[in-house]
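Reviewing the structure listed below.
What follows is calculated from the coordinates using simple rules that are stated; it is not laboratory data. If you're wondering where the values come from, they're calculated on a predicted model, not measured in any experiment.
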Amino acid sequence: MKTEALTIGTALMIASMTAAAGQRDYFHDTAKVIDVEPIYRNVEVSYPERECWDQEVDRYHPDGRRYTGTVLGGIIGGVVANKISRGRGRGRDAATLAGTLLGGAIGHDLSQQHRGGHHTTSVERRCEVTHHTRYEEQLVGYDVTYRYKGREFTTRTNNHPGKRIPVAVTVRPVGDD
């Protein structure tokens, strides 16, 4: 029983020493800021931009289908063929028909070459979106130098600290690492 009590007592003493060694006392205080340097980095910024302009547009508007050239060519071809054919009956009829068809084809071709229509010019608004890139400096934080109890320290912060910076001061016995 003495041995058990000694073992339990030793275990408790080791546990309390381990807990005391791991325990750290600290408190909050403020330190005087002696230098603040902003930290910048270059960032790429891409943005769309809509660009518009006025542009003249020329349009051709063809007239509707016209058969005047075909019909007129057919009539002229038929009359000419009828007059110059020497035969009578079916030969003359065949020549008149051939002249009518040939005259119609020629009249059609000529009317296609000289087809009517008109041009108009108007101003239309045209737009397009282009993407532009620019580089700009972006503030990402501050390198802060401060003095506490006569010693200088440096840290990096997200915000400007002002004239004083809060610090956490840790106290522990020397040699208990």
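Taking amide H positions as modeled 1.01 Å from N, with prolines and chain starts lacking one, the residues under 5 Å from THR30 and 5 or more places away or on another chain are VAL167. Taking amide hydrogens as placed 1.01 Å from N in the peptide plane, the amide H of SER85 sits under 5 Å from that of no residue at least 5 positions away in sequence or on another chain.
Taking a straight line from the alpha carbon of LYS83, these aspartates and glutamates sit under 13 Å away, with near neighbours fewer than eight places off in the same chain left out: ASP93.
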